[in-house]
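> I have a structure I would like to understand better, so I am pasting it below and will then ask my questions one at a time.
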Amino acid sequence: MRKDIHPDYQEVLFHDTNADVFFLTRSTAKTKATREYEGKEYPYYPLDISSASHPFYTGEQRKTSTEGRVASFNKRFGAFGGRNKKAADSTEQAADSTEQAADSTEQAADSAE
């Protein structure tokens, strides 16, 4: 093996902070922090999630809200739909007035005959 081309492969202490579980394994991870574990000092690397806390490995289900995705979306962004609803209402009113004008024109034509 050539010298000075390979990373330092050493024992590293990994800590899953969610499950408060420690793993001692060999790794090339570089860290400045150290921690004593079982009477020996090791490089320390904290983790947010690992197999000890991930739902896929633990079999635990995450709590989901009882409302559906659409209801959640409408709750968050329902106020933005208000502007479009007003525009749609004014479009419907314009269409109604156009229909009424057309009806009155037809009635006038029928009475002229």
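> Taking 0.36 nm per residue of sequence separation and subtracting the Cα-Cα distance, how much length would be gained by fully extending the chain between Asp48 and Lys3, in nm to one decimal?
12.8 nm
> Between Asn74 and Thr28, what is 0.36 nm times their sequence separation minus the Cα-Cα distance? Round to one decimal in nm.
Residue separation times 0.36 nm, minus the Cα-Cα distance, leaves 11.8 nm.
> Okay, which of segment 10-30 sit inside 16 Å, backbone N to the point 7 Å along the Cα-Cβ direction of Thr58?
Those under the cut-off are 15-23.
> Sorted by average packing, counted as other Cβ atoms within 10 angstrom per residue and highest first, what order do 30-39, 48-57, 6-15 take?
Top of the packing list down: 6-15, 48-57, 30-39.
Values quoted throughout were computed directly from the atomic coordinates according to the rules given, and no laboratory measurement underlies them. As the structure is a computational prediction, the values presented were derived from the model and not from experiment. Cβ atoms come from the backbone with ideal geometry, glycine included; neighbour counts cover every protein chain shown.
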